[in-house]
Each structure stands twice: as C-alpha cells, then as structure tokens.
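Structure first, then comments.
The values are calculated or read from the model by the stated rules, or taken from the named source; none is laboratory data. Source: prediction; values computed, not measured. Reconstructed Cβ throughout: ideal geometry from the backbone, glycine too, with neighbour counts over all protein chains shown. The area values use the complete protein model at the heavy-atom level, side chains included, leaving out ligands, DNA and RNA. Shrake-Rupley method; radii C 1.70, N 1.55, O 1.52, S 1.80 Å.
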Amino acid sequence: MNVRRSAAVLAAVAVFGSAAAPAAFADDASPSPAALPSGLYGKTDPKFDGVFRQSYALLAQSMEGVEPAEKAIDWLTGQQCASGGFAAYRADASAPCDSKTAVDSNSTAAAVQALAGVGHEDKTLKKSVEWLKSVQNTDGGWGYNPGLPTDANSTGIVIGALVAAGENPADVKSKDGKSAYDALPKLVMDCDKDGGAFGLADPKSGKLSPNADATAAGVLGSLGRGLVVEPPKDRDATGSKCAKPDTATQAASNGVGYLLDTLGKTDDHLMSSMPGAKDKPDFGNTADAVLALAAADQKERAKKSAEWLAKNSADWAKQSGPAAYAQLVFAANAAGMDARDFGGADLVKQLNATGPAPRSASKSPTGSASDSDEKKDDGGGVSVWWIIGVGMVAGIGIGFLYSGNRKKQQP
C-alpha cells in the first residue's frame with residue numbers, strides 16, 4: 001500500500017539506532033532536479049520510491065481518463081528486471097539486474113497495477129506476475145523482499161496486482177498449497193484485546209501490534225481489491241461481530257470494525273507519531289482507510305474520511321508530491337467524490353504538474369492537457385520517512401538493508 005512512516009522509523013531505529021536513523025536518508029532527500037530522468041514524476045531523489053510514485057501517478061491518471069506521456073510509461077517499464085521484478089529504483093536501467101538488485105514485491109505489485117491501468121502490453125505484466133508468484137511464501141502471502149516474513153501490506157498490494165492482471169488470488173498458491181487468503185487471517189489480532197486489527201510486526205522481536213494501515217491493507221487484500229475501488233452501494237453494509245478469523249471474509253470484517261472504531265475516536269482520520277514526537281494526522285493512511293471502507297461498502301464512513309482529507313490534505317500533498325496526489329485521487333474516487341474538485345483543488349491537474357505533460361487530459365475542466373505542463377515544485381516525491389517505500393511492515397526491517405535472505409532473491 002503506501003505511507004508507512006511509523007514502520008519506517010521502527011526499521012531505521014532497529015538497524016541504525018535512534019540517533020542515526022534520520023541521518024541515514026537525509027543526504028539523498030534533495031538532489032538537483034536536472035539529474036532526474038525526464039519521464040519521472042516528482043523532483044526528489046527516487047532512490048527509495050521511484051517506481052512506487054511513478055506507478056501511483058500513472059494509475060491515478062488512468063483512473064481520471066488522462067493519457068500519460070509515453071516517456072513516463074517507458075521510464076517505468078524500463079525499470080523492470082529481466083526476471084519481471086522491480087526494485088524501488090535503478091539509476092542505470094541499462095545495466096542488468098544481479099543478486100544485489102533490491103527487487104521487492106511492493107514496487108513490482110504497484111507497477112503491475114499501473115501498467116494494467118494504462119493498458120500496457122501483456123508481456124510486461126505477465127513477467128511481473130510470474131515473478132510475484134515465484135517469491136510467494138509457503139504460507140501463501142508475501143513479504144517486502146523475497147524470503148522475508150509475510151505481512152499484510154505486502155500481501156494486500158500483491159493481491160491488487162493479481163486482480164489487475166486478471167488473476168484469481170485464490171488460485172495463486174504456494175508450494176504448500178496456500179493462497180493469500182490463507183495467510184491474511186493469520187495476521188489478524190485478538191478481538192477483545194486488539195479490536196480485530198491486522199498486526200504490524202516489531203522489526204526486532206517480530207511481535208505483532210495492532211496497526212491501522214496494516215489493517216487497511218489487510219482488509220483491501222482480504223476482499224480481493226486493488227487500488228481502484230468503485231464507490232460503495234447506496235446503503236452502508238451491516239457490520240458483523242468480531243470473531244475468530246477463520247476465513248479472509250471474517251478477517252476483513254474484523255479489520256473493518258477496527259477501522260470504524262479507530263476513526264470514530266479521531267474525528268474521521270488516522271493518527272501517527274514519530275519517536276519522541278506528538279501524534280499528528282496521518283493523511284496517507286487515512287486515504288488507505290477510505291479505500292478499505294469503500295471496498296467493504298461502508299459508504300458514509302468512507303465519505304466522511306474523504307471529506308476530512310479534502311479539507312485538510314492540501315499542504316501534505318504539496319509537500320509529498322505525486323504519490324500523495326495519487327492517493328487522494330484513489331480516495332476521492334472510492335468515496336464517490338470529484339478528484340478535480342476535491343476541497344476546491346484539482347488533484348489531477350496538480351498531479352500532472354509533477355511530471356511530463358500527459359498526451360491528453362480530456363476530463364480536465366480546462367479541456368487541455370497543456371495546463372499540466374505548468375510545473376511547480378510540489379515536493380515531487382515523498383517525505384524522508386515516506387521514502388522507505390510501500391509496505392515497510394511486519395518484521396522486515398528496512399527493505400533496502402539485506403539479510404541472508406537476499407540469497408533467495410531473483411534478479
């Protein structure tokens with residue numbers, strides 16, 4: 001899924017120590033814009049999020065009837081390794097991938113959803129889907145990097161990729177005959193103690209703790225949905241009692257209950273905090289929750305959170321760049337709102353302005369794709385804690401710091 005600030009901090013602290021964690025990424029935060037590929041969305045260093053933010057941007061554009069620039073699609077497909085996997089970013093895409101290339105499930109799954117959205121050739125998609133199948137864990141789920149433990153976020157975004165590529169996730173099984181729908185219920189926590197949330201693992205101990213974003217990803221995955229979620233039905237679905245998650249359906253139901261309860265306590269949005277900092281609104285994770293609730297036919301609650309985003313997310317999106325604008329587009333569509341008039345902002349125009357001008361933007365109120373060529377510095381990418389990438393969760397440490405499991409990775 002996306003904004004994993006808390007997990008990123010935990011992972012950084014686990015590897016570097018609390019004092020060193022921020023410094024570990026600060027030097028890479030703001031390279032010269034001239035050094036970036038012309039087809040890439042965003043203006044910050046793509047080292048940790050290039051494929052992710054590009055994929056989100058392309059998918060959001062396709063949802064809004066925008067034809068992305070050909071060079072933007074070419075940049076993304078050019079990042080693919082021969083095996084079909086994608087890394088977060090490859091500075092020299094002409095060099096072959098090797099055992100040191102950090103291919104991961106999240107970047108690959110995001111790219112699959114984007115390329116399916118823009119109607120790209122089946123060959124590229126097929127290679128990526130086959131790679132995802134080849135790194136499926138024996139329990140049926142996926143970790144961030146091959147060989148790492150299954151987590152809800154990675155498994156959720158891979159399910160979305162499989163669905164986008166025309167696969168039935170229930171039929172994609174591990175060597176032990178397990179599917180993602182067998183793995184996800186194992187990540188759901190106790191109803192009485194933890195409210196039925198999906199858990200996020202501590203990177204040191206592996207102990208699960210209830211986590212709203214892992215829950216949003218787990219719900220979306222358990223329901224077999226990707227990032228493109230249609231607005232829910234006219235009436236809210238009736239919630240069911242939290243119970244033992246023997247099935248993916250019950251796991252999703254438990255997770256929905258947890259999200260409803262959490263959002264009800266925080267004025268329709270989720271909160272996050274950094275070590276040593278006060279809690280503050282988490283815009284990206286709130287957008288994730290909107291998708292999950294909409295997928296579960298929780299129309300009113302999804303719309304309330306989307307309306308909160310419409311009123312409060314402008315500064316966050318401007319600072320964070322294309323992936324943030326894309327997340328808001330996803331949330332707006334899922335809640336049945338207009339992404340081109342989202343709290344008075346045209347998210348599509350703002351997204352288009354962070355990268356190469358699209359070939360067409362026919363649904364734009366101005367009726368002209370050229371409007372998107374008026375580029376402003378929207379931050380271009382993600383914040384220093386967002387660049388850790390999609391799916392930094394469930395006992396994985398930092399996705400770019402490799403353990404002995406790297407030997408299992410396929411270039």
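Restricting the range 354-370 to residues that are under 29 Å from Asp268 (Cβ atoms) and either surrounded by fewer than 20 Cβ atoms within 10 Å (Cβ to Cβ) or basic (Lys, Arg) (or both), which is modelled with the highest pLDDT? So, considering only residues that are under 29 Å from Asp268 (Cβ atoms) and either surrounded by fewer than 20 Cβ atoms within 10 Å (Cβ to Cβ) or basic (Lys, Arg) (or both), the one modelled with the highest pLDDT is Lys363. Might you let me know whether the range 330-353 holds any residue that is more than 25 Å from Arg225 (Cβ to Cβ), modelled with pLDDT of 95 or more and β-branched (Val, Ile, Thr)? Checking the range 330-353: not a single residue is more than 25 Å from Arg225 (Cβ to Cβ), modelled with pLDDT of 95 or more and β-branched (Val, Ile, Thr). Scanning the range 189-201 for residues that are open to solvent by 50 Å² or more (accessible area, probe 1.4 Å) and part of a loop (DSSP other than H, G, I, E, B) turns up just one, Asp190. Got at least one residue in the range 112-135 being touching a residue at least 12 places away in the same chain (Cβ under 8 Å), touching an Asp or Glu at 6+ places or on another chain (Cβ under 6 Å) and open to solvent by 10 Å² or more (accessible area, probe 1.4 Å)? No, there is no match, as no residue in the range 112-135 is touching a residue at least 12 places away in the same chain (Cβ under 8 Å), touching an Asp or Glu at 6+ places or on another chain (Cβ under 6 Å) and open to solvent by 10 Å² or more (accessible area, probe 1.4 Å). The residue that is nearest to Leu208 (Cα to Cα), among those in the range 159-171 that are open to solvent by less than 10 Å² (accessible area, probe 1.4 Å) and touching a residue at least 60 places away in the same chain (Cβ under 8 Å), is Ile159.
Restricted to the range 242-299, and to residues there that are more than 14 Å from Val229 (Cβ to Cβ), in a helix (DSSP H, G or I) and charged (D, E, K, R), the residue that is least open to solvent (accessible area, probe 1.4 Å) is Asp261. Only residues that are of a type in the set (Asp, Glu), crowded, with 24+ Cβ neighbours inside 10 Å and outside any helix (DSSP H, G or I) were counted across the range 202-224, and they come to 0.
Looking for whichever is in a helix (DSSP H, G or I) and out of contact with any helix residue (DSSP H, G or I) (no Cβ under 7 Å at 6 or more places or on another chain) here; the options are Lys178, Lys186. Which one fits? Selected residue: Lys186, the only one of Lys178, Lys186 that is in a helix (DSSP H, G or I) and out of contact with any helix residue (DSSP H, G or I) (no Cβ under 7 Å at 6 or more places or on another chain).
Val66 meets the conditions (1) open to solvent by less than 10 Å² (accessible area, probe 1.4 Å); (2) at pLDDT below 95; (3) touching a strand residue (DSSP E or B) at 6+ places or on another chain (Cβ under 9 Å) in every case but one. The failed one is (2). In this entry, Arg235 is excluded by the filter for residues that are at pLDDT 95 or above, over 18 Å from Asp338 (Cα atoms) and open to solvent by 50 Å² or more (accessible area, probe 1.4 Å). Being aliphatic (A, V, I, L, M) and either in a helix (DSSP H, G or I) or free of Cβ contacts under 8 Å to residues at least 60 places away in the same chain (or both): is that true of Ala82 here? It is false that Ala82 is aliphatic (A, V, I, L, M) and either in a helix (DSSP H, G or I) or free of Cβ contacts under 8 Å to residues at least 60 places away in the same chain (or both).
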